[in-house]
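Reviewing the structure listed below.
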Amino acid sequence: MIHAEMYAALCTLTRREKLDASYHAAFYLLSTDEELFEKARAHVDIDGIDFVKIKHGCRGLDERQRQLLDVAHNLFSWSSRCPVTPYDLSCLGYPTLDYVCSALYIANGAFSVQIIKNDAGVPELTLDKAIYEQNRRIYHQLFSTTEWAADPEENDMEIG
């Protein structure tokens, strides 16, 4: 299964029409790894995500998978203990660190997850960053030290 299919499967298991950002962030991370997805999907239902049961069934996961599970749990429940430190995150490397960073933006509503079928009909997971980009533009307009935006592309000037 690919990321988009695993993500969609987890969303479907909740049998809810609309999910909040905490679900989307957790499902995004839980669907980045097929083994983690397989262990998680047995514990997702209309009542939510039972991370305690997922963690009990995950004794054989490697360190990276356990860290993804801990971050997903914290993004979902907000108050769960998360033993993953900033240093641990820095060691994740590509692409896992990118997944975690995207999940942070998903959790705060800056990114939204979309599944779109490509030309071959295969579902692809994409992130809509429109809210993030809007916030970025507003920030630059409010806090730029000059009339010109910090990013030359935002000045509608041709460079080159």
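Structure values in brief
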{"quantity": "Filter result for the condition that a residue is within 25 Å of R16 (Cβ to Cβ), assigned by TED's automatic domain parsing to the domain that holds C11, charged (D, E, K, R) and in a helix (DSSP H, G or I), over D70, D88, D98", "calculated": "D70"}
{"quantity": "Matching residues in segment 34-44 - criterion: being closer than 12 Å to Q65 by Cα and either in contact with a Ser or Thr (Cβ under 7 Å, 6 or more places away or on another chain) or in contact (Cβ under 8 Å) with a residue 60 or more places away in the chain (or both)", "calculated": "F37"}
{"quantity": "Residues satisfying the stated conditions in segment 1-33, i.e. surrounded by 18 or more Cβ atoms within 10 Å (Cβ to Cβ), among the hydrophobic types (A, V, I, L, M, F, W, C) and either at pLDDT below 95 or closer than 16 Å to D70 by Cβ (or both)", "calculated": "A25, A26, F27, L29, L30"}
{"quantity": "Any hit, segment 50-57, residues being outside any helix (DSSP H, G or I) and farther than 19 Å from I2 by Cβ", "calculated": "yes"}
{"quantity": "Qualifying residues in segment 123-160 (those that are assigned to a loop (DSSP other than H, G, I, E, B) and either among the small types (G, A, S) or at pLDDT 95 or above (or both)) - the one nearest to V71 (Cα to Cα)", "calculated": "K129"}
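Table: residues versus (1) without any contact (Cβ under 8 Å) to a residue 40 or more places away in the chain; (2) loosely packed, with under 14 Cβ neighbours inside 10 Å; (3) within 16 Å of I54 (Cβ to Cβ).
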| residue | (1), (2), (3) |
| --- | --- |
| P86 | yes, yes, no |
| S90 | yes, yes, no |
| T96 | no, no, no |
| Y105 | yes, no, no |
| D119 | yes, yes, no |
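The values are calculated or read from the model by the stated rules, or taken from the named source; none is laboratory data. Keep in mind it's a predicted model, so treat the numbers as computed, not measured. Note that each Cβ is placed from the backbone with ideal geometry, even for glycine, and that neighbours are counted across all protein chains shown.
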